[in-house]
1. If you scan region 173-186, which residues turn out to be out of contact with any strand residue (DSSP E or B) (no Cβ under 7 Å at 6 or more places or on another chain) and either at pLDDT 95 or above or open to solvent by less than 40 Å² (accessible area, probe 1.4 Å) (or both)?
2. Test Gly100 against the criterion of being crowded, with 19+ Cβ neighbours inside 10 Å and either on the phi > 0 side of the Ramachandran plot or within 17 Å of the chain's Cα centre (by Cα) (or both), and give yes or no.
Amino acid sequence: MKKITNLIIVDASSSMSSKTQEVQGGLKDLLKDVRKDMKETKGDAKIRTVVTQFSSGGSFKVLLDTSKRKKITYESADNYRPSGMTALYDAIGLGFGLVGKKQDGVFVSILTDGGENDSNEFTQEDVQKLLKKAKKKEWGLTFMGTTEGAIQSAVNLGISRSNTFQYADSGAGTKLASVSRNVSKSLYFASVIDNAPQTENLVDSDSTTDSDS
């Protein structure tokens, strides 16, 4: 049986306040998918989902870790509350530290509407090294941001551009990003179960253009 970790790293800085309901809704949809994945992959894979949020340095928080609770509830999504700045490097470093050593696959999804501005534990170079190691281990690494600058920063860190998604800085855009994340996750899970991890082109190119409508 495959051991797979589904790691979600969500921006909870103050700039996300106007999109709180959409993020919470997206997390609730994610939890529905978690239940579905557990049923569909039963016997083929043991999936652990970890949902985290980050804002200012020192505010990294685990909202959900399915390995530590018997029932998956919406409480974790409702606990999402934006405030503070954007310690992105710390979030990636601390998030990666939650992944177990013996995994057949790890899918990472990072969602943010801003750039790094408050990390104090991890540097850009630290994160670049972590992402390089993750690629060698055939992790699925995806990044969703609201600006081309954010996308380019992710590429500079080591995430493939084909695994990035630029979404509108709005409630509708945030909701679309959540849908894209779930599609990419399912694609990666299936490839790991089939013993051929797909680590590139995880984001559907037909979904990379969105609007506020």
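1. Gly173, Thr174, Ser178, Asn182
2. For Gly100, the condition - crowded, with 19+ Cβ neighbours inside 10 Å and either on the phi > 0 side of the Ramachandran plot or within 17 Å of the chain's Cα centre (by Cα) (or both) - is not met.
Results for (1) more than 15 Å from the chain's Cα centre (by Cα); (2) surrounded by fewer than 20 Cβ atoms within 10 Å (Cβ to Cβ); (3) free of Cβ contacts under 8 Å to residues at least 24 places away in the same chain, shown as yes or no for each residue.
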{"position": "Asp118", "(1), (2), (3)": "yes, yes, no"}
{"position": "Phe122", "(1), (2), (3)": "yes, no, no"}
{"position": "Asp126", "(1), (2), (3)": "yes, yes, no"}
{"position": "Gly140", "(1), (2), (3)": "no, no, no"}
{"position": "Gly145", "(1), (2), (3)": "no, no, no"}
{"position": "Gln152", "(1), (2), (3)": "yes, yes, yes"}
{"position": "Asn163", "(1), (2), (3)": "no, no, no"}
{"position": "Phe189", "(1), (2), (3)": "no, no, no"}
{"position": "Ile193", "(1), (2), (3)": "yes, yes, no"}
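The values are calculated or read from the model by the stated rules, or taken from the named source; none is laboratory data. In this text, all values refer to a predicted model and were calculated from it rather than measured experimentally. No Cβ is skipped: glycine too gets one built from the backbone with ideal geometry, and neighbour counts run over all protein chains shown. Surface accessibility is based on the protein's heavy atoms, side chains included, excluding ligands, DNA and RNA. Shrake-Rupley method; radii C 1.70, N 1.55, O 1.52, S 1.80 Å.
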